[in-house]
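Undergrad: Take this structure, written in structure tokens, and hold onto it; I'll ask about it next.
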Amino acid sequence: MKMRQPGSVLWRRLKALQVYGANTDVGKTIVSTVLCKALQRRLPEHAVHYLKPVSTGPSVEEDNRHIATFAKGVHARRLFQFSEPVSPHIAARSSKEDVSDENILDCVHQELSGYAQSEDGVVIVETAGGVLSPAPSGSLQADLYRPLRLPVLLVGDHRLGGIGTSISAFESLHIRGYDVQSIMMFENSVYDNATYLREYFLDRGISTYTVPPPPRPATSIARDQEAMAGYYERTSRMEHVADFIERFSAKHDARIKNLESMADRADQSIWHPFTQHQDRPKDSIITIDSAYGDFFQTYGTEGSVGSTLSSTNESSISPDTTSLLKPAFDGSASWWTQGLGHGNPQLALAAAHASGRYGHVMFAGAVHEPALNLAETLLQHVNNPRLKKIFYTDNGSTGMEVAVKMALRAACVRYGWSSEDEVQILGLKGSYHGDTIGTMDCSEPSTYNKKVEWYRGRGHWFDFPQVKMRRGVWVVEPPEGMEAEFGPARTFESLDEVFQLEQRDSATYEAYITRELERLTKEEGKKFGALVMEPVILGAGGMLFADPLFQRTLARIIRSSSHLFSHSTSTPPSSNPSSATTDWAGLPLIHDEVFTGLYRLGRFTSSSFLRTHPDISVHAKLLTGGLVPLCVTLASQSIFDAFLSGAKSDALLHDHSYTAHAVGCTVAETSLHQMSSMEARGAWDAFKASWRPDHHNSSPSTPSRPNAAPAQPTPRSGTAPTWS
């Protein structure tokens, strides 16, 4: 199976070094030649390789030819050559070659893999231009090569202004997850950039080396070559060049040793989530070196979860020549947090900007631009006239904890209950709303909660029909043994038809829900303070696809049944609430969209599939594109008003130290902008089409992230969907 993206590379026997330049014309090729000459003295013949993936300009000036001339015996190659001496993205315009990032990356990966099959060796991979120079596709060079994550030697700029360009180049690489091991640059007694940079990088654990500048061009080609040959002979024998090579080799070995020990060390010091540690084999711990796009780069033995996804058959290859890092597809999108790919440079830059501008600032009685902008963006895009306020927390569990606090207070204020009353919630079987004490009580007994000492299970959970596909046919099946309540399974021509809620008959659901509510409230005398649901898909419960008609009907009946919850015989039954009202009715409706919201199902909000406006909704996971923890709880004005009084003790007294942290809010704003842009340009259209009846089971031609959304059901022409 061919991977969309080659993984990071790390071999025992092949040491790889990527040479970046702080600018163009800073001497990358000269430094590379010096290193090749020095390495030749240490390694067997033909064990030193030089690779120039992309080159522009006349073929007689190719950098690999320079290497071949002055470091004879080095295996020097270039992969893509464009004759025009301009930036690669311009030079490649007239090329008929495939200059996509994917193809260039794949060619580099294959070339390096070939070198690793021979004896112990070293490869120098030289880039073109500066760190952020465009690649042939137009993407930035630092982003093109990032999936390989090769260790970097940065050639600093020795010229006037070179201190700033060298530091900027380092920061551009560092923020993208590269390991910049050393800086090397030409000596320059006039500007003496090296003295400043040596001290600057020493504080960051990076060594800085200098080499003499090359001789000035001679009057003839022969004399020029003679002078350069002498220069390379002398410089490659310098003590600090040898010191660099020793450190580079030692860091390679240390990296491997660290990866080999991490699982054992983790077993000794880390308490993993959702893990039974007794008798757990240590080799079950996945060591992740890095991640990029849709893949982890994992260290592990053959056959582990990190086993290779490439097309190469490595079963007959020596372990010494097999890459120690294997790309492992992030099939759960890192617990459904990933939406824009690991190592996303835009998100990383957004986080860095907010870190530099704010760090963290407390949020009590204060406001900052990222939190305000994000709140306004969310309230606009959820398109729910009920929701007016946003409360910030740090993850789905705490966001749901706040949501339940909000709903219970609103219900207790309206119905005259106090903390002395046992107030429960209504929900669905198989639901999961988090691991904090309060949210555990919002779910029925399960593996997640029933052995927790304070768990009480404060609620009633409706069983419900599920949407399934049986032998290529969409069906809505009742729970086993509940055919009498819900009727037999029903078939549908398409998923679209399942979501045509106005055209489907809800009478059976209405009767069942009404009977259950009357039994619970009138016969058993229970009090309820909220209806809590995960719209459409119940994630942790087993990816249960709830019949959207049942969820919509449940919400509608709850909102029209205030007389059942008030426990007052003088309260007449209310009519169906108007869709125009923004006040909650019956019980506050909480939609837990931590998993299903923010484009996970193809729309900004999964509530839109039910055409139901909740009074409270909770969003996390995809909110920040998977980079940092953040959660928002959105509430209606009437919910907010329930906390207003002259007493501080009546306020919503919930907070954590990093509430509305500026880094998370900035990243979330960037993430939402990227995802909404993808929606606008139809990035998921091919996948939506694949769910329609006329698609004939064809595969989508456009690749996507592992969280790419399935089709959005589309209303039939002539229908006017109503909202509740």
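The values are calculated or read from the model by the stated rules, or taken from the named source; none is laboratory data. Bear in mind the structure is a predicted one, so any value in this text is a computation, not a measurement. Neighbour counts run over all protein chains shown; Cβ positions are idealised from the backbone, glycine included. Surface accessibility is based on the protein's heavy atoms, side chains included, excluding ligands, DNA and RNA. Shrake-Rupley method; radii C 1.70, N 1.55, O 1.52, S 1.80 Å.
Undergrad: Does segment 385-413 hold any residues that are polar (S, T, N, Q) and open to solvent by less than 10 Å² (accessible area, probe 1.4 Å), and which are they? Working first, answer last.
TA: Step one: of segment 385-413, the residues polar (S, T, N, Q) are 393, 395, 397-398.
Once the filter is applied, which keeps residues that are polar (S, T, N, Q) and open to solvent by less than 10 Å² (accessible area, probe 1.4 Å), segment 385-413 yields only Thr393.
Undergrad: Could you please tell me which pairs satisfy a Cβ distance under 9 Å, a separation of 6+ or placement on different chains, a first residue in segment 266-286 that is farther than 23 Å from Tyr448 by Cα and touching a residue at least 40 places away in the same chain (Cβ under 8 Å), and a second residue that is of a type in the set (A, V, I, L, M) and surrounded by fewer than 12 Cβ atoms within 10 Å (Cβ to Cβ)?
TA: Note: no pairs meet the criteria.
Undergrad: So, of the residues in segment 192-221 that are open to solvent by 70 Å² or more (accessible area, probe 1.4 Å) and under 39 Å from the mean Cα position of the chain (by Cα), which turns out to be nearest to Arg234 (Cα to Cα)? Spell out the reasoning first.
TA: Filtering segment 192-221 for residues open to solvent by 70 Å² or more (accessible area, probe 1.4 Å) gives 192, 195-196, 198-199, 202-204, 216-217, 219, 221.
This time we only want the ones that are under 39 Å from the mean Cα position of the chain (by Cα), so: 196, 198-199, 202-204.
Working: Tyr196: 26, Arg198: 23, Glu199: 27, Leu202: 27, Asp203: 30, Arg204: 30 Å.
Checked segment 192-221; the qualifying residue nearest to Arg234 (Cα to Cα) is Arg198.
Undergrad: Now, a different point. Got a sec? Which helices (runs of 4 or more DSSP H) wholly within segment 339-444 have at least 1 residues that are free of Cβ contacts under 8 Å to residues at least 60 places away in the same chain and farther than 30 Å from Phe550 by Cβ? First the steps, then the outcome.
TA: On the way: elements: 345-357, 369-381, 396-415, 437-440.
Hits in segment 339-444: 345-357, 369-381.
Undergrad: If a residue counts only when it is under 26 Å from Ala328 (Cα atoms) and touching a Gly at 6+ places or on another chain (Cβ under 8 Å), which helices (runs of 4 or more DSSP H) contained entirely in segment 73-148 have at least 1 such residues? Lay out the reasoning, then the answer.
TA: Values: elements: 88-91, 101-115, 141-144.
Helices (runs of 4 or more DSSP H) meeting the threshold: 101-115, 141-144.
Undergrad: Being surrounded by 21 or more Cβ atoms within 10 Å (Cβ to Cβ) and more than 19 Å from Ile104 (Cβ to Cβ) is the filter here; which residues of segment 1-11 pass it?
TA: Leu10, Trp11, listed by residue number.
Undergrad: In segment 12-58, which residues are over 22 Å from Gly130 (Cα atoms), open to solvent by 10 Å² or more (accessible area, probe 1.4 Å) and in a loop (DSSP other than H, G, I, E, B)?
TA: If the condition is that a residue be over 22 Å from Gly130 (Cα atoms), open to solvent by 10 Å² or more (accessible area, probe 1.4 Å) and in a loop (DSSP other than H, G, I, E, B), then Arg12, Arg13, Arg41, Arg42, Leu43, Pro44, Glu45, His46 are the ones that fit.
Undergrad: Then there is this: Residues of segment 270-302 being under 26 Å from the mean Cα position of the chain (by Cα) and open to solvent by 90 Å² or more (accessible area, probe 1.4 Å), which ones?
TA: Within segment 270-302, the subset under 26 Å from the mean Cα position of the chain (by Cα) is 270-275, 283-301.
Across segment 270-302, the qualifying residues are Trp271, Phe274, Asp283, Thr301.
Undergrad: Give me the pairs, please: first residue somewhere in segment 465-492 and touching a residue at least 60 places away in the same chain (Cβ under 8 Å), second residue anywhere and outside any loop (DSSP other than H, G, I, E, B) and among the basic types (Lys, Arg), beta-carbon distance under 8 Å, and either six or more positions apart or on two chains.
TA: Final answer for the pair search is Val476/Lys468; Val476/Arg490.
Undergrad: Only residues in segment 218-241 that are within 16 Å of Val31 (Cβ to Cβ) count as the first member; pair them with residues that are open to solvent by less than 70 Å² (accessible area, probe 1.4 Å) and polar (S, T, N, Q), Cβ under 7 angstrom, at least 6 apart or cross-chain, and list the lot.
TA: Close Cβ pairs (under 7 Å, with a partner that is open to solvent by less than 70 Å² (accessible area, probe 1.4 Å) and polar (S, T, N, Q)) amount to Tyr232/Thr33; Val241/Thr235.
Undergrad: Testing Ala328 on (1) modelled with pLDDT under 95; (2) of a type in the set (A, V, I, L, M); (3) touching a Pro at 6+ places or on another chain (Cβ under 9 Å), one condition comes back false. Which one is that?
TA: Of (1) modelled with pLDDT under 95; (2) of a type in the set (A, V, I, L, M); (3) touching a Pro at 6+ places or on another chain (Cβ under 9 Å), only one is false for Ala328: (3).
Undergrad: Oh, and also: Can you find even one residue in segment 482-495 that is within 30 Å of Ala403 (Cα to Cα) and either in the same structural domain as Gly539 (by the TED database) or open to solvent by less than 70 Å² (accessible area, probe 1.4 Å) (or both)? Before you say what the answer is, go through the steps one by one.
TA: Step one: of segment 482-495, the residues within 30 Å of Ala403 (Cα to Cα) are none.
No.
Undergrad: Somewhere in segment 184-197, is a residue among the aliphatic types (A, V, I, L, M), touching an Asp or Glu at 6+ places or on another chain (Cβ under 7 Å) and within 28 Å of Val99 (Cα to Cα)?
TA: Within segment 184-197, not a single residue is among the aliphatic types (A, V, I, L, M), touching an Asp or Glu at 6+ places or on another chain (Cβ under 7 Å) and within 28 Å of Val99 (Cα to Cα).
Undergrad: Sort out for me the helices (runs of 4 or more DSSP H) sitting completely within segment 177-290 that have 1 or more residues that are among the small types (Gly, Ala, Ser) and within 30 Å of Gly164 (Cα to Cα).
TA: Values: elements: 193-202, 221-235, 239-269.
Result: 193-202, 239-269.
Undergrad: Could you list, in sequence order, all residues of segment 318-338 that are assigned to a loop (DSSP other than H, G, I, E, B) and among the β-branched types (Val, Ile, Thr)? Step through it out loud before you land on a result.
TA: As a first pass, look at segment 318-338 and keep what is assigned to a loop (DSSP other than H, G, I, E, B): 318, 322-324, 330-332, 337-338.
Residues satisfying the conditions are Thr322, Thr337.
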